[in-house]
Amino acid sequence: MNTPITRRTALLAAAGGALALPQRVRAQQQYRPEYKLTVVGNRPIPLSEGAFQWAELVTQRSGGRINLKVYPGSQLVGGDQTRELVAMRQGVIDFGVFSTINISPQIREMNLFSLPWLLNDHRGYDAIINGAIGEDLFRVLASREVVPVAWGENGFREISNSRRAIAAPADMRGLKIRFAAGAIFSEIFTAMGANPLQMSFADLQPALSTGAVDGQENPINLYLAFRMDTLAQRHLTVWNYVADAGIFVVSKQVMDSFSPADRTLVIECARDAAKAQIAACRKGIGVDGDHSSLDELARRNITVTTLNDEQKAAFARVTRPVYDKWAQTVGTDLVRRAEAAIRAARG
């Protein structure tokens, strides 16, 4: 006997068919045409390169189901990189490759990386991001409605200026030094007798070209990529005073909207991009015997002053009150555990 097809039975059949669709297909139907990924700066600096690689990997491996578009230069927040975390929590940004310096005004524990001369070298840095401290910091970030998925790197920050070589704290006196974000940096440079000025990365190059500031602090490969030697930055000191970590992050709301398989895909792509980002940050600066970036500095006739341990200790003594004050802000227990992990890594 044939059952008559009514409007009601047709609707029920359609609904049943939709429910029978595989979870992956149903999730795909709910995905947005585009997901926005923010990063400060632009190619070719490693932090930004990592963001582009993450976007490309996710888009390719998902077959275009998850389409990431990078918005470099923190353009989604008008160039103010310190607002990226807030904008993600507000739903303006979906993915991000954050700098710990830029989110430390909102996440006090991230100032750990900015304690002067805590880390000193990549052994100390790796001990933090690859160990229990890194896991703890991810838990702190996860409590702010975002999902951290991989540690990357923006590099150790060195200092350049247009006026003189810097080899001792007295050489800092009177220099106008730009810093990106965070009150701790203002206090560090003030303790050394400099005049710190906060400004966005977008405003940095004009400020250097006009002489509004004498100097700046950034990783060597960023200095080279943006040809800061052409902006009167002829003196560069390698002092590794702080490190800037990169963090690959997804909005919790967005991550929750993905199928379990796609969440895994996003995480795996982030880890692959982060690994490449870390390698790019360390390229040519003496790690694993590669000195190509240092050689490029020499080719450009830049005066490079590399501090030894004794010289670094002199700067550390001058800034120790800042260290002790901010250790309390970061969390005394967290700092002490980090110090122990770094000592163990150095043997």
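The values are calculated or read from the model by the stated rules, or taken from the named source; none is laboratory data. Predicted model only: the values in this text are computed from it and were never measured. Reconstructed Cβ throughout: ideal geometry from the backbone, glycine too, with neighbour counts over all protein chains shown.
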Residue by residue through the range 168-215, note down the ones that are under 16 Å from residue 323 (Cβ atoms), of a type outside the set (Asp, Glu) and either surrounded by 18 or more Cβ atoms within 10 Å (Cβ to Cβ) or at pLDDT 95 or above (or both).
169, 182, 184, 185, 186, 188, 189, 190, 191, 192
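For residues that are crowded, with 18+ Cβ neighbours inside 10 Å and among the aliphatic types (A, V, I, L, M), scanning just the range 268-280, find the one that is farthest from residue 215 (Cα to Cα).
270
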Would the range 210-225 turn up any residue that is in contact with a helix residue (DSSP H, G or I) (Cβ under 7 Å, 6 or more places away or on another chain), within 21 Å of residue 329 (Cβ to Cβ), in contact (Cβ under 8 Å) with a residue 40 or more places away in the chain and aliphatic (A, V, I, L, M)?
no
Residue check, residue 119 more than 23 Å from residue 189 (Cα to Cα) and either modelled with pLDDT of 95 or more or aliphatic (A, V, I, L, M) (or both)
no
All positions within the range 208-241 that are more than 22 Å from the chain's Cα centre (by Cα), among the charged types (D, E, K, R) and closer than 24 Å to residue 82 by Cα
214
In the range 219-266, what count of residues is obtained for those that are part of a helix (DSSP H, G or I) and not hydroxyl-bearing (Ser, Thr, Tyr)?
19
Evaluate the range 21-32: report whether one residue or more is modelled with pLDDT of 95 or more and either surrounded by 21 or more Cβ atoms within 10 Å (Cβ to Cβ) or of a type in the set (Ser, Thr, Tyr) (or both).
yes
Restricting attention to the range 81-116, the residues that are farther than 17 Å from residue 251 by Cβ and either hydroxyl-bearing (Ser, Thr, Tyr) or surrounded by fewer than 19 Cβ atoms within 10 Å (Cβ to Cβ) (or both) number exactly 7
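Report those helices (runs of 4 or more DSSP H) wholly inside the range 83-167 carrying at least 1 residues which are hydroxyl-bearing (Ser, Thr, Tyr), within 14 Å of residue 339 (Cα to Cα) and under 16 Å from the mean Cα position of the chain (by Cα).
Fully inside the range 83-167 and qualifying: 122-129.
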Count of the range 242-274 residues which are over 18 Å from residue 61 (Cα atoms), under 13 Å from the mean Cα position of the chain (by Cα) and of a type outside the set (Val, Ile, Thr):
4
Among the candidates 154, 161, single out the residue that is polar (S, T, N, Q), touching a Leu at 6+ places or on another chain (Cβ under 8 Å), more than 24 Å from residue 96 (Cα to Cα) and in contact (Cβ under 8 Å) with a residue 40 or more places away in the chain.
161
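Considering the range 240-256 alone, what residues qualify as being surrounded by fewer than 16 Cβ atoms within 10 Å (Cβ to Cβ) and either free of Cβ contacts under 8 Å to residues at least 12 places away in the same chain or polar (S, T, N, Q) (or both)?
Hits for the range 240-256 are 253, 256.
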Any idea how many residues of the range 290-335 are surrounded by 13 or more Cβ atoms within 10 Å (Cβ to Cβ), under 14 Å from residue 241 (Cα atoms) and among the hydrophobic types (A, V, I, L, M, F, W, C)?
6
